[in-house]
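Visitor: This is the structure I want to talk about, given as structure tokens.
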Amino acid sequence: MRSSANADRVAARLRRRYAAEKRFRAYGVAAIIIALGFLTVLLASIIADGYTAFVQTEVRLSLDLDPSVIDPSGKRDRADLSSADYAAVVHNALLARFPEASDRAARRRLFRLISQGADLEVRKLVLADPSIIGSRREMWLPMAASVDQLIKGNMARAPEKGGQFSERELAWIDALQADGSLKTRFNKWLFTGGDSRQPELAGLWGAVVGSFYSLLVTLALSFPLGVATAVYLEEFASRNRWTDLIEVNINNLAAVPSIVFGLLGLEIFLNVFELPRSSPLVGGLVLTLVSLPTIIIAARVSLKAVPPWIREAALGLGASRLQMVTHHVLPLAMPGILTGTIIGMARAIGETAPLLMIGMVAFIVDVPATPLDPATALPVQVYLWAASPERAFIERTSAAILVLLCFLAAMNATAIYLRKHFERRW
Amino acid sequence: MQFLTLVAVLALMSAAVYRMGRGRAQALAVTGVHRLHSLPSYYGYYVALWCGLPAVLLIAGWLSCEPYILRALVVGALPPEAKALPAARLSLLMNEVRQLAASGDFRFSSSPIATAAAEQYRVLRANSFGAMAVIALSLAIVGGFYGMRSISPKLRARNRVEAAVKVFLVASSTLAIFTTIGIVLSLLFESLLFFDKIPLTQFLFGLDWSPQTAMRADQVGASGSFGAVPLFTGTLLISVIAMLVAVPIGLLSAIYMAEYANPRFRSVAKPLLEMLAGIPTVVYGFFAVLAVAPFLRNLGQSIGIPIASESALATGLVMGVMIIPFISSLSDDVISAVPDSLRHGAYGLGATRSETIRQVVIPAALPGIIGGILLAVSRAIGETMIVVMAAGLSAHLTANPFASVTTVTVQIVSLLVGDQEFDSPKTLSAFALGLVLFLVTLALNVVALHVVRKYREKYD
């Protein structure tokens, strides 16, 4: 009797233990699902918000390039042409399309539908070829951001649901849409323009160039310095207090918050060395400090992975230590070092906080021509646009994030490719 | 542009001189190969170093002194009424002069004094660049000649070149130390100025943070108050929420990856988890503002809890997700490093897998896991973009996760972005906050790295 009661107890306990085992396993699966679920939601919401920004609503207008409006003097002087009243050309075209908008209020509403930058497009066309003055031209011009949002379905039509347009304006928009002269086309402004207060004209190109210059400076400095440090620590230095100190410093710098590097940059590069504020040069210097520890640590790992007999063989054949390193060890470790460098660069391209400290957050319309011009960077542009209240900027912020993520994905894919195809294992 | 040309000319000269040096050494080698000490290319490098290095050093030194000398010259030439300005106004004037000179466009000049000074600054800078270029190029020529002349079969060119390279290696390895020194000095210098005006005890223990100092001395609320306790508690609150999200999820997924998952699942799930760490923090910030905070606010409304749209909860949640991969990958490493003999022992005693993990593997890996968690905490405290975008700006002393709090990093950013006066306590307080941030994260890192290293030694 007793033994069977015991057996029952053991069996019950075993069941409990197995249930606990299953539960524990389920927790692990749940944790992974939660983390990956968050990743999915994040990416999905950004893609859902952002993909529409890659197209922009444009209107086809038949422009009368009237010489009496553009160039009353008739001299075709470039200065005159570039300061001419192209807005009037655009407005006349709109009025010709909708003659019923005769009173002042109606005109103002009509003109509000088209982007304030539409006249710049006309100017570009005329300046490129002044001989077209006097002719008629069909042209696609950007609509205002509010119309764009309406067409993309991000804004309700009815005013009580947040729509911004009156019956009349909606009728105009519908009329344009009905005869095919209102279409969403590829958003070239997003990829060619600098920043703008008008969402429909705001572009990423200035930020991309700013990021490119910063990364160029970072790469030019952190790759040689990082490799040199790693080579010194792995191949030349003996273990003593001094090298211990260097190692502790590197490990700590890898974990120092990046904003502290920004404070260092503000104080040393801007206030002491008086380098130009907001410039990609200073941004690159700060990002060098941010990414150096990553590169050093990765380079040391790949130097360590080169087997010692390579070194012994080189030394045995009469190579000097430096020849051994430059002719044999470094080439073998290079794929790993490059992988680490790309990962460091990927960290640098997404870094925002230190750039805020050195003033790369200004509203800058011009695309920087040199690393000394004021500029922003891609993640900073995301931050700036995210602070803008317009619905159209939410869409563009998401698009900017998608562009940034594409760069990151490309860099990481390169790193993985290098690792898979060139890394040797012994 | 001019500068790049100068650098390019120097590089071309060095390259040319390298070929000449190598050629000369080869010619010597033809006459008697056994007498040449090094390979011919080392003679080339030797001459190229003599040609390029002095010029580069001169340019570096020149550029780092130039702003100060120019400034002194321009200030010295200012009319007496401008020289009599207080130091702060004078430095503003000099900033304007520099900007005017850099743009070359004097239309926006504020005063004729500034225009005149900017003209002078431009001329001086052009002269200075010309002088630098001439001296650098002549140094390069003289160095190149000297190098060429000293080529002889007995010259130990390789040893000399290698010594120079080694100096470069040593110098770049000290950069880490100089960076740390630079951080400490720049933070300390400005913080000491700050503590001159605001006592340290008020900063560390004061309960009220409102750094808005007035423009005029007689204005109401002219002196801001700088009690940083609300910032510390705000940072702590958000970090605690983040860790409450990140530690369980990170640790459990690490355990599953290391102990249960088959290699195929692991090879897919691990990189995906690490993608969370690769996403820039500004993206998390945007997501927190756009999706998480409104979602929580609506949720709170529907169940009757008021949740601020800049709540610590939303910020902490998103930050926690960002930190998951740090904890999971570090814990994964230490759990995998626990020797299998311990597991086999536990299995032999009849333990199930989860019992083995809970009672044998985790206790053995605990120091490493704690080290990883400490690193994650330091990461959470120093995280900037998420909190700048999603957390509040005004300081509240509260432990309510539904309320809006501000953090140390948010304040640093809001104090330093935009116009700054470099002697107002408002700007200086950002550096004091930065110093606190640096010291706290440094302490956490040192402890964490120590723990992790100790642990590694135990099982190696």
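The values are calculated or read from the model by the stated rules, or taken from the named source; none is laboratory data. Just so it is clear, the model here is predicted, and its values are computed rather than measured. Note that each Cβ is placed from the backbone with ideal geometry, even for glycine, and that neighbours are counted across all protein chains shown.
Visitor: Spot the failing condition for B:Ser302; the list is (1) among the hydroxyl-bearing types (Ser, Thr, Tyr); (2) over 18 Å from A:Leu404 (Cα atoms); (3) within 13 Å of chain A (Cβ to nearest Cβ), and only one is missed.
Guide: Going through (1) among the hydroxyl-bearing types (Ser, Thr, Tyr); (2) over 18 Å from A:Leu404 (Cα atoms); (3) within 13 Å of chain A (Cβ to nearest Cβ) one by one, B:Ser302 breaks only (3).
Visitor: On to the next question. Of the residues A:Leu322, A:Leu404, A:Leu356, which is modelled with pLDDT of 90 or more, touching a Pro at 6+ places or on another chain (Cβ under 7 Å) and facing chain B (nearest Cβ under 10 Å)?
Guide: Checking each option against the conditions leaves just A:Leu404.
Visitor: Could you grab the pairs with beta carbons closer than 7 Å, sequence gap of 6+ or different chains, first residue in segment A:101-113 and touching a residue at least 60 places away in the same chain (Cβ under 8 Å), second one assigned to a loop (DSSP other than H, G, I, E, B) and not small (Gly, Ala, Ser)?
Guide: A:Leu110/A:Phe98
Visitor: Could you pull out the residue among A:Ala409, A:Ala346, A:Ala369 that is surrounded by fewer than 24 Cβ atoms within 10 Å (Cβ to Cβ), within 11 Å of chain B (Cβ to nearest Cβ), at negative phi and not in a helix (DSSP H, G or I)? Full working, then the answer.
Guide: On the way: A:Ala409 fails: not in a helix (DSSP H, G or I); A:Ala346 fails: not in a helix (DSSP H, G or I).
Every option except A:Ala369 fails the conditions.
Visitor: Which numbered condition trips up B:Ser309, out of (1) away from chain A (no Cβ under 13 Å); (2) surrounded by fewer than 24 Cβ atoms within 10 Å (Cβ to Cβ); (3) among the hydroxyl-bearing types (Ser, Thr, Tyr); (4) part of a helix (DSSP H, G or I)?
Guide: Of everything listed in (1) away from chain A (no Cβ under 13 Å); (2) surrounded by fewer than 24 Cβ atoms within 10 Å (Cβ to Cβ); (3) among the hydroxyl-bearing types (Ser, Thr, Tyr); (4) part of a helix (DSSP H, G or I), B:Ser309 misses just condition (4).
Visitor: Taking segment B:10-19 as the search range and keeping residues that are more than 12 Å from B:Val56 (Cα to Cα) and touching a residue at least 24 places away in the same chain (Cβ under 8 Å), which one is surrounded by the most Cβ atoms within 10 Å (Cβ to Cβ)?
Guide: Going residue by residue through segment B:10-19, those that are more than 12 Å from B:Val56 (Cα to Cα) are B:12-13, B:15-19.
Then drop every residue that is not touching a residue at least 24 places away in the same chain (Cβ under 8 Å), which leaves B:13, B:15, B:17-19.
Working: B:Met13: 19, B:Ala15: 14, B:Val17: 25, B:Tyr18: 22, B:Arg19: 12.
Among those that are more than 12 Å from B:Val56 (Cα to Cα) and touching a residue at least 24 places away in the same chain (Cβ under 8 Å), it is B:Val17.
Visitor: Of all residues in segment B:259-272 being farther than 16 Å from A:Ala413 by Cα and touching a residue at least 24 places away in the same chain (Cβ under 8 Å), which is farthest from the chain's Cα centre (by Cα)? Explain how you work it out, then say what you get.
Guide: So the first thing to find is which residues in segment B:259-272 are farther than 16 Å from A:Ala413 by Cα, and the list is B:259-266, B:269.
Next cut, touching a residue at least 24 places away in the same chain (Cβ under 8 Å) only: B:259-260.
On the way: B:Glu259: 37, B:Tyr260: 39 Å.
Filtering first and then ranking leaves B:Tyr260.
Visitor: Would you point out the residue of segment A:240-249, among those that are farther than 14 Å from B:Gly182 by Cα and within 7 Å of chain B (Cβ to nearest Cβ), that is surrounded by the most Cβ atoms within 10 Å (Cβ to Cβ)?
Guide: Initially, segment A:240-249 is screened for residues farther than 14 Å from B:Gly182 by Cα, giving A:240-248.
If we keep only those that are within 7 Å of chain B (Cβ to nearest Cβ) too, we end up with A:245-246.
Numbers: A:Leu245: 14, A:Ile246: 21.
Filtering first and then ranking leaves A:Ile246.
Visitor: Can you name the residue in segment A:256-271 that is more than 21 Å from the chain's Cα centre (by Cα) and more than 8 Å from every other protein chain (Cβ to nearest Cβ) and, of all such residues, is modelled with the lowest pLDDT?
Guide: Within segment A:256-271, the match that is modelled with the lowest pLDDT is A:Leu270.
Visitor: Which residue out of A:Val69, A:Val10 is over 28 Å from the mean Cα position of the chain (by Cα) and in contact (Cβ under 8 Å) with a residue 12 or more places away in the chain?
Guide: Details: A:Val10 fails: in contact (Cβ under 8 Å) with a residue 12 or more places away in the chain.
Just one listed residue meets the conditions, A:Val69.
Visitor: Taking segment A:224-249, which residues are among the basic types (Lys, Arg) and at pLDDT 95 or above? It would help to see each step written out before you state the result.
Guide: Of all residues in segment A:224-249, those among the basic types (Lys, Arg) come to A:239, A:241.
If the condition is that a residue be among the basic types (Lys, Arg) and at pLDDT 95 or above, then no residue fits.
Let's see how each residue does on (1) in a helix (DSSP H, G or I); (2) touching a helix residue (DSSP H, G or I) at 6+ places or on another chain (Cβ under 9 Å); (3) not polar (S, T, N, Q):
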residue: A:Arg76; (1), (2), (3): no, yes, yes
residue: A:Leu81; (1), (2), (3): yes, yes, yes
residue: A:His91; (1), (2), (3): yes, yes, yes
residue: A:Ala96; (1), (2), (3): yes, no, yes
residue: A:Ala105; (1), (2), (3): yes, no, yes
residue: A:Phe111; (1), (2), (3): yes, yes, yes
residue: A:Leu120; (1), (2), (3): yes, yes, yes
residue: A:Arg123; (1), (2), (3): yes, yes, yes
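Visitor: Just checking: which of the helices (runs of 4 or more DSSP H) contained wholly in segment A:160-269 hold 3 or more residues that are within 30 Å of A:Leu332 (Cβ to Cβ)? It would help to see each step written out before you state the result.
Guide: On the way: elements: A:167-178, A:188-192, A:205-231, A:241-255, A:258-264.
Result: A:205-231, A:241-255.
Visitor: For segment B:170-186, which positions are closer than 18 Å to A:Pro257 by Cβ and at the interface with chain A (Cβ under 7 Å from one of its Cβ atoms)?
Guide: If the condition is that a residue be closer than 18 Å to A:Pro257 by Cβ and at the interface with chain A (Cβ under 7 Å from one of its Cβ atoms), then B:Ala176, B:Thr179, B:Thr180, B:Gly182, B:Ile183, B:Ser186 are the ones that fit.
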